């Protein structure tokens, strides 16, 4: 069975819509995790700005870091990638710390709780969709 044809003129609006929906959903999870952990200065607007920053700033750091750390990666690719992953990790923590006015530990916990909530909700939605669709039967027959 072939996938459905998609008009190429719709690809950019679909990508933008997907990005907007993704930012809103992840902002909700970030907002909930910050509120659950007792941060009172968190607003949904700050959560959206934080999510946007988390989307783009680490990507820019990672892209630039590949070229800046290229000599290090040539000598030891594993060490270069570990350094780059640490830079990206700490940039995410710095973004959350700055936007939510908290410590690095609190920023890490907020980020971790947000990821766990996101995973749990996504798993529940996927399971519900599989049950409603009937596609879970394929796994039972396997």
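The values are calculated or read from the model by the stated rules, or taken from the named source; none is laboratory data. As the structure is a computational prediction, the values presented were derived from the model and not from experiment. Positions of Cβ are generated from backbone atoms using ideal geometry, with glycine treated the same way; all protein chains shown enter the neighbour counts.
What to note about this one:
- Residues of region 34-58 that turn out to be in contact (Cβ under 8 Å) with a residue 60 or more places away in the chain, closer than 16 Å to residue 116 by Cβ and surrounded by fewer than 17 Cβ atoms within 10 Å (Cβ to Cβ), as a count: 2
- Within region 77-89, residues that are modelled with pLDDT under 85 have Cβ atoms under 6 Å from residues that are in a helix (DSSP H, G or I) in these pairs: 80/72; 80/73; 84/65, counting only partners at least 6 apart in sequence or on another chain.
- Of residues in region 38-56 being in contact with a helix residue (DSSP H, G or I) (Cβ under 6 Å, 6 or more places away or on another chain) and closer than 15 Å to residue 107 by Cβ, the one modelled with the lowest pLDDT: 39
- Residue check, residue 126 exposed (fewer than 11 other Cβ atoms within 10 Å of the Cβ) and within 18 Å of residue 25 (Cβ to Cβ): yes
- Qualifying positions in region 18-33 - surrounded by 20 or more Cβ atoms within 10 Å (Cβ to Cβ) and within 13 Å of residue 122 (Cα to Cα): 26, 29
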